[in-house]
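Notes follow the structure.
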Amino acid sequence: MKILYLDTETTGITANSAVIQFAGIIEIDGEVKEEFNIRCKPHEGADISEKALEVTGMTLDTINSYQEPRKAMEEMESIFEKYCNRFDPNDKFILAGQNIKFDFQKLYEFYTRLGNKYLGSWINFKLMFDTLSVIQALQLVDKLPVLENNKLITWCNHFGIDLENAHDALADIKVTRELAKILIKILEG
């Protein structure tokens, strides 16, 4: 099984917000094959929220110093092609993450904005592992408590997972993978 744990940092939550950081862990059959941390400048005319910059601890000068979006996509695809055959419909990554629907949507918008219609060359659109959805399902059957919120940091604290640099995509995805492993054990329980 090929899993791509993915997290993004963005300039906001609108459809015109830009992804400024992609971080991921590629795991194949339970073994980590590669980690990546790709930063890119916002696309022309992107919505940039002051709150989003505050949350990520970045400035306009910092994000505008990153590589162009097309270069970031090419860097990401050069990593993907090491592990997947873009032409084999059965050789795709399963996306995993905390609230992965948001990150998938941002990745899809990123590809679309660049005129690339081939995200499905790498990603299995039919199967995703969302730690948030699993947490909520386990709460419904009383296998997990209802906490004050379902933020990643809250669940990391609950399970004793150390999250040192919240809202850095690479730090977030590393702990998300740890959280996923715990949730899988509960599901197998």
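With helices as the sole contributors, the chain gives -12000 deg cm²/dmol at 222 nm; each DSSP H run of n ≥ 4 counts as -39500 (n - 2.57), and the sum is divided by every residue.
Overall shape of the stretch 1-61 was characterised from the C-alpha gyration tensor. The equivalent ellipsoid obtained from it has semi-axes of 28, 11, 9 Å, in decreasing order. Here the stretch 58-125 has 51 percent of its accessible surface on carbon and sulfur atoms, given a 1.4 Å probe and all protein chains in place.
Annotation: aspartates and glutamates with alpha-carbon distance below 16 angstrom to Lys101 (same-chain offsets under eight excluded): Asp7, Glu9, Glu109, Asp130, Asp172.
In Å², what does the accessible area per residue of the stretch 32-189 work out to with a 1.4 Å probe?
Computed with neighbouring chains in place, this is 56 Å² per residue.
For the stretch 31-189, the Cα-based Rg and Dmax, in that order, read 17.1, 49 Å. For a straight C-alpha distance cut-off of 22 angstrom, the lysines reachable from Lys143 (same-chain residues fewer than eight places away being disregarded) are Lys151, Lys181, Lys185. Helix by helix through the chain, keep the DSSP H runs that span 24 Å or more along the axis on Cα and average at least 0.0 on Kyte-Doolittle, and give those back in order. Qualifying helices, which must be both long enough and hydrophobic enough, are 169-188.
The values are calculated or read from the model by the stated rules, or taken from the named source; none is laboratory data. Small disclaimer: the values here were computed from a predicted structure and weren't measured. Areas reflect the complete protein model, heavy atoms only, side chains present, ligands, DNA and RNA absent. Shrake-Rupley method; radii C 1.70, N 1.55, O 1.52, S 1.80 Å.
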